[in-house]
Amino acid sequence: TSKIFKEKLPEWKKDRDAVIDRCFYRPLSFHVAAFCANCGIKANTISGLSAIVGVVACILIGIPNPVSGTIGSLILIFWIILDDTDGNLARVVSSQPYGEYMDAMSSYILIGFLFLALGIRSFYLGTILHVPQETYLIMGALTSISGVLMSLLYQKFVQVSLAYGKNERLAFDGSNSGRLMKIKTKIDMNLSVGGILPVLITICILINTTELVVIVWFIYHLAEFIATVLYFLYKVNIGSVALHIKG
């Protein structure tokens, strides 16, 4: 039942969830997870389905049509519910091999296409700001690229660190995160796809102002990307010194 999934949700997961996720998406995902569990649908299947749903949502959002855009934004909200559902199933019913990979794949696919789709939509329909329409395409593409690159930089850093006998992987519960990292994670959760972003996209599609989302999140992701690069450069230099002294 949905009550079982609610009771089994770890406290650290509740703390890390965005406010809107905790109040809206997550409760709905408990019901979807209960339905899937009773039908024998596994977590990896939901992750694979969510990847397809994410692509469909981005395609519809990118079509410069009010109806398709609205449907796409609603499908995007459904993607978040599925993203929560696979985690519920993995924790309560059974985890599967490569489950973490399947979950990450769905997220990377969505991040890789969402802002590009918003940039395309703004290219055709953006009217509020007096800038060349191509600007929205460039900002949307760079936002998507920076979002994926940040994840790739982190994964590669963890992989290389393990080769040197160090585990730099962040724990799921964030227990080994520093204070700044915990603050960053909290901000990301509330501003990301799992937070308030889909609601803002839906509103902006309805009033035809998606270029505002493109501009604001371009600035945010660009600043976050620069900070991430500087952080890993610092970590690499500190790590190199430590290995040199140890050697």
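The values are calculated or read from the model by the stated rules, or taken from the named source; none is laboratory data. Since we're looking at a predicted model, the values are computed, not measured. With ideal geometry, Cβ positions are generated from the backbone for all residues, glycine too; neighbour counts draw on all protein chains shown. SASA here: full protein model, heavy atoms, side chains in, ligands and nucleic acids out. Shrake-Rupley method; radii C 1.70, N 1.55, O 1.52, S 1.80 Å.
Filtered by the rule that a residue be in contact (Cβ under 8 Å) with a residue 40 or more places away in the chain and buried (at least 16 other Cβ atoms within 10 Å of the Cβ), the stretch 197-211 gives Pro198, Ile201, Thr202, Ile205, Asn208, Thr209, Thr210, Glu211. Among the residues of the stretch 167-184, the one identified as among the hydroxyl-bearing types (Ser, Thr, Tyr) and surrounded by 14 or more Cβ atoms within 10 Å (Cβ to Cβ) is Ser177. For the criterion of being in contact (Cβ under 8 Å) with a residue 60 or more places away in the chain, among the hydrophobic types (A, V, I, L, M, F, W, C) and closer than 21 Å to Thr185 by Cβ, Ile128 fails.
Only one of the listed residues (Tyr136, Tyr234, Tyr164) is more than 16 Å from the chain's Cα centre (by Cα), in contact (Cβ under 8 Å) with a residue 40 or more places away in the chain and open to solvent by 80 Å² or more (accessible area, probe 1.4 Å). That residue is Tyr164. Just one of the listed residues (Ser94, Ser122, Ser144) is under 15 Å from the mean Cα position of the chain (by Cα) and polar (S, T, N, Q), and it is Ser144.
Gly239 passes every criterion in (1) surrounded by 15 or more Cβ atoms within 10 Å (Cβ to Cβ); (2) at pLDDT below 90; (3) within 19 Å of the chain's Cα centre (by Cα); (4) not hydroxyl-bearing (Ser, Thr, Tyr) apart from (3).
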